[in-house]
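Presented below is the structure to which this report refers.
The values are calculated or read from the model by the stated rules, or taken from the named source; none is laboratory data. Please read all numbers here as calculations on a predicted model, not as lab measurements. Every residue, glycine as well, gets a Cβ built from its backbone with ideal geometry; the counts of neighbours run over all protein chains shown. The protein model used for the area step is the full one, side chains on, heavy atoms only, and it has no ligands, DNA or RNA in it. Shrake-Rupley method; radii C 1.70, N 1.55, O 1.52, S 1.80 Å.
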Amino acid sequence: MDDGMLPCRVQCINCGAAYPPSEIRYTCECGGLLEVEHDLGKLRSQVSRELFDSRNSSFAIRHSQIANCSGVWRYRELVLPVPEESIISRPEGNTALYHNPHLAQWVGVEEFYLKHEGENPTGSFKDRGMTVGVTYAKLLGMKAVACASTGNTSASMAAYAALAGLKAVVFIPEGMIAFGKLAQALAYGAITLQVKGNFDTAMALVREASPALGMYLLNSLNPFRLEGQKTIVFELIHQLGWEPPDWIALPAGNLGNTAAFGKALREMKEVGLIEKVPRLLAVQAEGAAPFYRGFVNGFRKREQATPNTVATAIKIGNPVSYERAIRAIRYTDGVVFAVSDQEIMDAKAQIDRAGIGCEPASAASVAGVRKAVREGIIRPGERVVAVLTGHLLKDPGATVDYHLGRLNGIKPTYANRPVTIEAGLREVERVINSA
Ligand SMILES: *Cc1c(COP(=O)(O)O)cnc(C)c1O
Ligand SMILES: [Zn+2]
């Protein structure tokens, strides 16, 4: 790839050093995190609500239509301006925005929406970042991609690598990822390495192994993935007729999404797509809440934790995008919250029972909104969107264990227990009538 090909550059968030997009690097010489910089001044005259509206109605059958059909590449000027024929897409995005009166009442706001990223092709929002990361890896001429993962990143990377004809190598903490996600990595053909240790151990190993073995690293450290994840915000505001909500709530683990959401909002504001910037509510699990503790102390000191939570997708003690996420919270006048596993699983049961469903980590956003309303941070009259990050079927174990009362230390407040019966009509009648 030659440097003239991409009209953007990669810049350090600490010292401002800029690098050409064709250079394979994940951090700055100074150690700082990198960010993709678009020419927003120029984009102001190139993108508009009308442009994105006009791309909204196509069905992708042939590859020539896939860019407009994808909920990521529809916004390509603000994501990564690559030649359309190079795009590797399922296509992803186009996820539903649910307005559910029952859940609105349960959290305590009148206008409450759920943006369900579990409706992406592999069942999580990771597909939005991965379509960009894998497209870019292919443009760079890489033959292999790698990531460490609590599960969804590896599932997504494995699928997109298969689509692109690249070798996929995933590093997962042994015995600590949900079954649905492990199944996907194996099924999509990734070389699956179960690393002894937790996520942070696996992450350190892949950071060492990727440059040493010529693999392109696709963790959210990678700035191009975050460009794809920004489109969750583009799409949800587009779905609301370009009328931003007052709050956007999301689960926060490695903080890639928190960072991406802040960047998305800043860019939308700067190119004139929105006037008002919603506030972010980033929600962590109490057992894995270093960013929450940092927020409470005014981000004076970088915090770490030994993570422990039922929500494995946010079970992270040393978040990669910590500094980028601080900028997002500051820019949006955001708030960071922590909720208990009990609150997470009860919120999940409510989301599931509404017929929508999600994996445990996703429910942190809804649990966080409910708590923020109770503490007076979110007012009942405000418009709130909570992002559900992953699909119900990702972690069937946690769901079944909750309903059977088998989750350690968690009360099955809204349990729906299966009933074993003798095979007879009277038995059926008895159970139905007593329910
Ligand atoms: C990856 C993931 C998260 C955490 O997102 P970050 O960007 O790492 O904060 C939350 N929920 C699900 C389902 C995930 O897969
Ligand atoms: Zn730097």
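Assorted remarks:
- Of the residues making up the range 180-199, those that are among the aliphatic types (A, V, I, L, M) and not in a helix (DSSP H, G or I) are Ala190, Ile191, Leu193, Val195.
- Qualifying residue in the range 117-127 (condition: more than 16 Å from ligand 1 (Cβ to nearest atom) and open to solvent by less than 30 Å² (accessible area, probe 1.4 Å)): no
- Look at the range 13-26: where a residue is under 19 Å from Pro211 (Cβ atoms) and touching a residue at least 24 places away in the same chain (Cβ under 8 Å) and a partner is small (Gly, Ala, Ser) and more than 10 Å from ligand 2 (Cβ to nearest atom), sitting 6+ places away or on another chain with Cβ atoms under 9 Å, you get Tyr26/Ser210.
- Hits in the range 280-319 (condition: in contact (Cβ under 8 Å) with a residue 60 or more places away in the chain, in a loop (DSSP other than H, G, I, E, B) and open to solvent by less than 10 Å² (accessible area, probe 1.4 Å)): Ala311, Ile316, Gly317, Pro319
- Scope the range 237-279; condition of a type in the set (Phe, Trp, Tyr), touching a helix residue (DSSP H, G or I) at 6+ places or on another chain (Cβ under 7 Å) and open to solvent by less than 10 Å² (accessible area, probe 1.4 Å); matching residues: Phe261
- Unmet requirement for Pro244, which otherwise passes all of (1) in contact (Cβ under 8 Å) with a residue 60 or more places away in the chain; (2) in the same structural domain as Thr258 (by TED's automatic domain parsing): (1)
- Pairs meeting the criteria (first residue in the range 136-159 and closer than 15 Å to Asp395 by Cα, second residue within 16 Å of ligand 2 (Cβ to nearest atom) and open to solvent by 10 Å² or more (accessible area, probe 1.4 Å), beta carbons under 8 Å, at least 6 apart or on different chains) are lacking.
- Within the range 100-116, being over 19 Å from Asn56 (Cβ atoms) and open to solvent by 10 Å² or more (accessible area, probe 1.4 Å) holds for Asn100, Pro101, His102, Gln105, Trp106, Gly108, Glu110, Glu111.
- Asn68 polar (S, T, N, Q) and at pLDDT 95 or above: no
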